[in-house]
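Computed from the coordinates by the stated procedures, all read-outs in this text should not be read as laboratory data. As the structure is a prediction and not an experimental result, all values here were calculated from the model. We place every Cβ from the backbone using ideal geometry, glycine too, and count neighbours over all the protein chains shown.
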């Protein structure tokens with residue numbers, strides 16, 4: 001949508017507006033989440049829902065009901081409160097479970113996970129075998145997603161001087 005704002009900026013603007021209207025100024029380095037109570041968050045959600053409806057805020061997926069849109073707006077708010085340094089106290093975002101989504105778009109892993117979920121009659125050994133296959137495939141997907149890092153000449157020299165040359169690649 002041309003002329004519409006990005007969700008990150010829309011959330012920041014909505015929260016800044018609601019806090020200003022309430023006369024609240026977060027302290028330097030303080031997370032906005034600590035000053036947003038339930039009522040203020042509801043106001044932020046209302047602003048975002050209106051922006052999504054009238055097209056002033058980017059929205060890729062269609063939501064059929066206002067309830068779905070409100071749930072989405074609340075989630076977007078939580079997401080950017082965690083990730084945007086302007087609102088999270090200046091902290092660099094670190095996911096809680098990095099790598100937990102690896103393979104979520106891989107059709108093979110999806111199929112194996114579906115098999116595990118739907119077959120309640122499998123023995124413990126069968127389930128373990130399928131899980132091992134899932135783990136193997138996740139390792140393969142991870143290896144293709146993240147290129148191997150190479151050691152620099154300086155790092156290799158430091159490792160050798162530290163007596164760790166037996167761990168260096170041949």
Rough spin-label spacing in nm, given labels placed 7 Å along Cα→Cβ, for residue 143 and residue 38: 5.2 nm
Value of [θ]222 nm, deg cm²/dmol, for the chain, DSSP H segments ≥ 4, -39500 (n - 2.57) each, nearest 500: -18000 deg cm²/dmol
Acute angle (nearest 10 degrees) that the helix 124-145 long axis makes with the longest principal axis of the chain, alpha-carbon atoms: 80 degrees
Rounded to 10°, Cα long-axis angle of helix 107-118 versus longest principal axis of the chain: 80 degrees
Using alpha-carbon coordinates, inclination of helix 66-83 to the longest axis of the chain, degrees: 60 degrees
Zero-based 10 Å bins, Cα pair distances in segment 26-170, whole percents: 9, 20, 20, 24, 19, 7, 1
Relative contact order, percent, segment 6-148 [alpha-carbon distance under 8 Å, six or more residues apart]: 23 percent
Alpha-carbon Rg/Rh ratio, for segment 2-80, with Rh computed the Kirkwood way: 0.97
Packing rank of 73-80, 136-143, where each peptide gets the mean count of other beta carbons within 10 Å, highest leading: 73-80, 136-143
Extension gain from residue 136 to residue 30, taking 0.36 nm per residue of separation minus the Cα-Cα distance: 33.9 nm
Spatial separation of Cα centroids for segment 28-71 and segment 86-138, in angstrom: 30 Å
Point-to-point label distance, residue 86-residue 102, nm (Cα→Cβ direction, 7 Å offset): 3.4 nm
